[in-house]
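The values are calculated or read from the model by the stated rules, or taken from the named source; none is laboratory data. If you're wondering where the values come from, they're calculated on a predicted model, not measured in any experiment. Quick reminder, even Gly has a Cβ in these numbers, built from the backbone with ideal geometry, and neighbours come from all protein chains shown. Only protein heavy atoms, including side chains, enter the accessible area calculation; ligands, DNA and RNA are left aside. Shrake-Rupley method; radii C 1.70, N 1.55, O 1.52, S 1.80 Å.
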Protein chains: 2
Amino acid sequence: MYDGPIQDLIGELSRLPGIGPKGAQRIAFHLLDADPDDVTSLAETIVRAKRLVHFCRVCFNLTEEETCRVCQDPRRERSQICVVEESQDVVAIERTREFRGLYHVLGGAISPIDNRGPADLHIRELVQRLEDGTVTEVILATNPNTEGEVTATYLSRLLAPLGLEVSRLASGLPVGGDLEYADEITLGRAFAGRRTVGA
Amino acid sequence: MYDGPIQDLIGELSRLPGIGPKGAQRIAFHLLDADPDDVTSLAETIVRAKRLVHFCRVCFNLTEEETCRVCQDPRRERSQICVVEESQDVVAIERTREFRGLYHVLGGAISPIDNRGPADLHIRELVQRLEDGTVTEVILATNPNTEGEVTATYLSRLLAPLGLEVSRLASGLPVGGDLEYADEITLGRAFAGRRTVGA
């Protein structure tokens, strides 16, 4: 139906995560109808971000500099490392303002289906960071799904001999949620992790 | 939270239709993690499509050439014009294979809220196309919402003196839908538009 460059554009856009064929078509027609300067600006922003942004040499978070903002910040607690799967997770945790330590971004989770094993993640670099004894606590904040759990289990066994405090984020009912609509695994975890409240 | 170019990228992406802040963040991190060649290709495809694609001189559909495929096609019935709001609507109608005439893309609908009146649409050009008497039927295929209905009403009054057959697409129950879940306006239209079936 479409001419060449329109079809190419829809094809490229539909490869982006969370965008289906309908969404890609909608965005394509929006761009073809938009101010040319806005479209050029979008394309340039994509290219510039890709050129300037890379992984932090220490923690593999995304950054424009050699090491990321968190690693550079002298006020961060250097005895704690929070291990996450992706850079997005760092953003989510930073937003809570609950954690003042450092991060380590694995670059994914162990997933046999996707043919991704421990060697494909930044696990060796994590162990190296723990060698000098500065870090005393590791918080495993991988996703609460199968791959994330497998990865957390693998890491907790790997780190056990180092004698560090290793913890995992609590699972339970999401705040603001409705008990009635919680899935059975989440509700089961909420029971298992129940905490005594003041008398 | 983000460094400059990441924030710029998320900002640009979240201006696209159907993409919220979360979706923009997800796409941004996907791009930052993707193969640089793929990202360059995306940016180039956007720029190329924008450069090559423009409006058909006759019907305002999108095309790479001076006039669009439909207008160029000698097999299309030149006595019928189907009036739509956007180029996407042409695609949707072509997919049905029900219509073999020509199109006219208005470039939107009359919408006082968006400060868009008849003069902002390609209505003058439509009237010009009807002048030589080739066209005998105009099908108003604007959207079945308030703006689309207002536009169809406006056009039907404007075209009445020309003595053409002017029709509007049928409203009714979507095929494969469930009567129980139809909204009351659609169900009302389905009643009003009911058709006698064979005895």
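Go through segment A:178-189 and give me each residue that's of a type outside the set (S, T, Y) and open to solvent by less than 50 Å² (accessible area, probe 1.4 Å). Passing the criteria: A:A182, A:L187, A:G188. Taking segment A:88-100 as the range and being free of Cβ contacts under 8 Å to residues at least 24 places away in the same chain, open to solvent by 30 Å² or more (accessible area, probe 1.4 Å) and among the β-branched types (V, I, T) as the test, only A:T96 passes. Within segment A:16-58, which residues are under 27 Å from the mean Cα position of the chain (by Cα), loosely packed, with under 14 Cβ neighbours inside 10 Å and either more than 7 Å from every other protein chain (Cβ to nearest Cβ) or touching a residue at least 40 places away in the same chain (Cβ under 8 Å) (or both)? Within segment A:16-58, A:G20, A:P21, A:R51, A:R57 meet the criteria.
Within segment A:28-48, none of the residues are in contact with an Asp or Glu (Cβ under 6 Å, 6 or more places away or on another chain) and not assigned by TED's automatic domain parsing to the domain that holds A:L9. On the given criteria, is B:E131 among the acidic types (D, E), within 22 Å of B:Y154 (Cα to Cα) and at pLDDT 95 or above? In short, no. Scanning segment A:59-84 for residues that are open to solvent by 20 Å² or more (accessible area, probe 1.4 Å) and assigned to a loop (DSSP other than H, G, I, E, B) turns up A:F60, A:E64, A:E65, A:E66, A:T67, A:D73, A:P74, A:R75, A:E77, A:R78, A:S79.
B:A160 meets the stated requirement of being closer than 22 Å to B:G101 by Cα and open to solvent by less than 100 Å² (accessible area, probe 1.4 Å). Tell me whether segment A:146-153 contains one or more residues that are touching a residue at least 24 places away in the same chain (Cβ under 8 Å), in contact with a helix residue (DSSP H, G or I) (Cβ under 6 Å, 6 or more places away or on another chain) and assigned by TED's automatic domain parsing to the domain that holds A:R78. Checking segment A:146-153: not a single residue is touching a residue at least 24 places away in the same chain (Cβ under 8 Å), in contact with a helix residue (DSSP H, G or I) (Cβ under 6 Å, 6 or more places away or on another chain) and assigned by TED's automatic domain parsing to the domain that holds A:R78. For segment A:101-142, filtered to residues that are farther than 17 Å from A:R78 by Cβ and of a type in the set (G, A, S), the residue that is most open to solvent (accessible area, probe 1.4 Å) is A:A119.
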